[in-house]
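Each remark here refers to the structure printed beneath this line.
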Amino acid sequence: MTEAELVRAISGGLIAVAAITFGLLFVVDAPYGRHARAGWGPTMPTRWAWVVMESPAVLLFAFVYAQGQYRAHPVPLILLILWQAHYLNRTFVYPWRMRGAGRPTPLVVVALGFAFQVANSYVNARTISELQVYAPSWLQDPRLWVGVGLFMVGRRINTWADGVLRALRARRSDAGYAIPHGGLYAWVSCPNYLGECIEWLGWAIAAWSLAGASFAVFTFANLAPRAWAHHQWYRRTFEDYPPERRALIPGLW
Ligand code: NDP
C-alpha cells in the first residue's frame, strides 16, 4: 500500500467514524460541560483535557508538515497558517481563558479526542505538504480564496460566540448558565459550533482534498448533535428561552 492509499483509507475511515458519531451523539450526549455526569470513569481537569486532546493538532501537525517536500510552497503554507491559527488558540489559549471550568472531563472523552486528532492531523498535514501537488495556478483558483474567506468568517463567528459565553459566565458568581443574547445568538443556540463548521468547510474547500473533507464532515457530525442537545437543554432549563431561536442553522434547524 502506498502512503497516498493509506491516507485515503484513513480519511475514508474518519468519514465512517463521523457517520457513527452523528447517530450515536443524538442518543448519548457527550459527557462534558453541561452534559457531564457520573458513570463515565476517571476524569481530569477540563482545561488540561483541552490541552491534551488538541495538542496533536498543533505539534504532530507541525512535525508531519515539516517533513513534506512542499513545506515551503505558498499554498501549503497558507493552509498551515490557518490551521495553526485555530489550533494554537484552541489548545494553549482557549483553555486558560475559560471561566469556571470546574466540572472535570472523563478520560474516555480525552482519549477519543486525542486519537481522532492524531489521525486527523497526520492525514491533513501529510496531504498538504507532501501528497497533494498544488500547481501555482491554485493561487488564482477561486476555490482557494472562497475557502480562505469562509474559514475567516467561521473563525470570527466561533471566537466571537465563545467570547459571549465567557463574558456571560464571568458575570455569574455561581459558574452557572444564562441565556446568551446578541448577534447570531438571536438566530441559533450555538453560533460557536456554527462558526467551527464554517471554518472547517472553508479549509476543506481551500485544500480540496479528501482529508480536508473528512475533517469538515466530522466536525459537523460531532457538533450538530451537541448543538441539538444544548438547544433542548436551554429550552428545558429556561422558561423564557426565545422560541424562535434554532439549534445550529439559522431559520432552519
Ligand atoms: P460550549 O458552548 O458547550 O461551552 C463553551 C464554554 O462556555 C464552556 O466553558 C461552557 O461552560 C461555557 N458556557 C456555555 N454555555 C454557557 C451559558 N449559557 N452560560 C454560561 N457559560 C456557558 O462549547 P464546547 O465546550 O463544546 O466547545 C468549546 C469550543 O470548542 C467551541 O468553540 C467548539 O466549536 C469547539 N469544539 C470543536 C469540536 C470539533 O469537532 N471541531 C468539538 C468540540 C468543541 P461549561 O463547560 O461549564 O458548560
What number of residues in the range 177-194 are without any contact (Cβ under 8 Å) to a residue 60 or more places away in the chain and near the ligand (Cβ under 7 Å from one of its atoms)? 5
Candidates VAL58, VAL52, VAL64 - the one that is more than 21 Å from VAL93 (Cβ to Cβ), part of a helix (DSSP H, G or I) and β-branched (Val, Ile, Thr): VAL64
Is it the case, given these coordinates, that VAL17 is under 19 Å from CYS197 (Cα atoms) and either touching a residue at least 24 places away in the same chain (Cβ under 8 Å) or over 19 Å from the mean Cα position of the chain (by Cα) (or both)? yes
From the set of residues in the range 180-198 that are among the hydroxyl-bearing types (Ser, Thr, Tyr) and part of a helix (DSSP H, G or I), which is most open to solvent (accessible area, probe 1.4 Å)? TYR193
Got at least one residue in the range 88-99 being at pLDDT 95 or above, open to solvent by 10 Å² or more (accessible area, probe 1.4 Å) and over 25 Å from HIS35 (Cα atoms)? yes
How many residues, within the range 199-214, are aliphatic (A, V, I, L, M), within 14 Å of the ligand (Cβ to nearest atom) and buried (at least 23 other Cβ atoms within 10 Å of the Cβ)? 1
If the requirement is being open to solvent by 10 Å² or more (accessible area, probe 1.4 Å), free of Cβ contacts under 8 Å to residues at least 40 places away in the same chain, within 10 Å of the ligand (Cβ to nearest atom) and out of contact with any Lys or Arg (no Cβ under 9 Å at 6 or more places or on another chain), which of these qualifies: ARG171, ARG156? ARG171
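The values are calculated or read from the model by the stated rules, or taken from the named source; none is laboratory data. A quick note: this is a predicted structure, and the numbers were derived from the prediction, not measured. Positions of Cβ are generated from backbone atoms using ideal geometry, with glycine treated the same way; all protein chains shown enter the neighbour counts. What goes into the accessible areas is simple: the full protein's heavy atoms, side chains included, and nothing from ligands, DNA or RNA. Shrake-Rupley method; radii C 1.70, N 1.55, O 1.52, S 1.80 Å.
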